[in-house]
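Notes follow once the structure below has been shown.
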Amino acid sequence: MDIEIITGDKYGEDSYRNLFSEIMSDVGKAFQMERALLVLKPEVPLFIFSVRLRSEPASKTVSDVANVREEGDVVHMTITDERYAPDILRELWVRYGKDGVEQQTRFDIVVGNASVKDVNSIVVASEEEHLKEIIGAVWRSMPEGIKNRHTFIDGQVITIVATEERFEPYMLDEGLAHHKRMTEAGKDV
């Protein structure tokens, strides 16, 4: 992930680049981010964090995160993305009951009285949940005590403008300008 820092403090620039990168890696979101822009103005205080995702957030279905095959009225599934295993199991139990779902191994599941078409269409993570996770990860990387936040979201770009004070119009204008810059930058990538 490419991280650009705008600040008057050169020491803080390197420290914050490393901190942001480590936090995104720790919470498992770094791989989803193509680019980040961090504007740090602690003297104001004003913080603008903008991230460009590798792809636009979308709902995930079983077919996105598991290999599924059908034998008669039984569906065999191998989960390929373990992050969704608990959600898949929960959704299968809701739809087919605990008695209709057999978890053979951690990632291998058999579902009785089911079809591949129905199982593949089950939503295991909504677009909204995905956005909340990304925003939560960005919030974790911001300084503590930030009370006021405003979020701009367009496609693959999420920008959070934050301050400890009341928002002044110039703060939101600056945040929106950086948001637009990140959106435009995606057209060149």
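The values are calculated or read from the model by the stated rules, or taken from the named source; none is laboratory data. Everything numeric here is computed off the predicted structure, so don't read it as measured data. Note: ideal-geometry Cβ built from the backbone for every residue, glycine included; neighbour counts use all protein chains shown. Protein only, heavy atoms only, side chains kept; ligands, DNA and RNA dropped before computing areas. Shrake-Rupley method; radii C 1.70, N 1.55, O 1.52, S 1.80 Å.
Structure data summary
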{"read-out": "Cβ-placed point charges (K, R +1; D, E -1), dipole of region 1-102 about Cα centre in debye, nearest 20", "value": "280 debye"}
{"read-out": "Residue range of the chain that is longest and free of trypsin sites (Lys or Arg not before Pro) which are both DSSP loop and sparsely packed (at most 16 other C-beta within 10 Å)", "value": "1-53"}
{"read-out": "The chain: relative contact order as a whole-number percent, Cα under 8 Å and 6+ apart", "value": "23 percent"}
{"read-out": "Rounded percent of accessible protein surface that carbon and sulfur make up, the chain, 1.4 Å probe", "value": "47 percent"}
{"read-out": "Cα centroid separation, region 1-26 to region 56-72 (Å)", "value": "36 Å"}
{"read-out": "Förster-model FRET efficiency, 35 Å R0, E165 and V123, C-beta, rounded to 0.05", "value": "0.30"}
{"read-out": "Projected-area mean, region 109-189, by convex hull of Cα positions, square nanometres", "value": "8.8 nm²"}
{"read-out": "Given charges at beta-carbon only (K, R positive; D, E negative), |dipole| of the chain in Debye", "value": "120 debye"}
{"read-out": "Low-density loop cleavage sites - chymotrypsin sites (Phe, Trp or Tyr not before Pro) in region 1-86, where at most 13 other Cβ are within 10 Å (DSSP)", "value": "none"}
{"read-out": "Within the chain, longest stretch free of exposed GluC sites (Glu not before Pro) [DSSP loop, at most 13 other beta carbons within 10 Å]", "value": "44-143"}
{"read-out": "Computed lengthening from S59 to E22, 0.36 nm per intervening residue step minus Cα-Cα distance", "value": "10.7 nm"}
{"read-out": "F107/I6 FRET efficiency (R0 45 Å; Cβ-Cβ; nearest 0.05)", "value": "0.55"}
{"read-out": "Sum of -39500 (n - 2.57) over DSSP H runs of 4+, divided by residues of the chain (222 nm, nearest 500)", "value": "-12000 deg cm²/dmol"}
{"read-out": "Estimated FRET transfer efficiency when R0 is 22 angstrom, pair R83-H150 (beta carbons, to 0.05)", "value": "0.15"}
{"read-out": "Options [x] 33; [y] 44; [z] 27 - which one matches percent of Cα pairs over 26 Å apart as calculated here", "value": "[y]"}
{"read-out": "Percentage relative contact order, region 139-189, counting C-alpha pairs under 8 Å, at least six apart", "value": "31 percent"}
{"read-out": "Around V119: net Lys/Arg minus Asp/Glu count, Cβ-Cβ under 11 Å", "value": "0"}
{"read-out": "Accessible area in square angstrom per residue, the chain, 1.4 angstrom probe", "value": "55 Å²"}
{"read-out": "Non-local Lys pairs in the chain, i.e. 8 or more apart or on different chains, that have alpha carbons under 19 Å apart", "value": "7"}
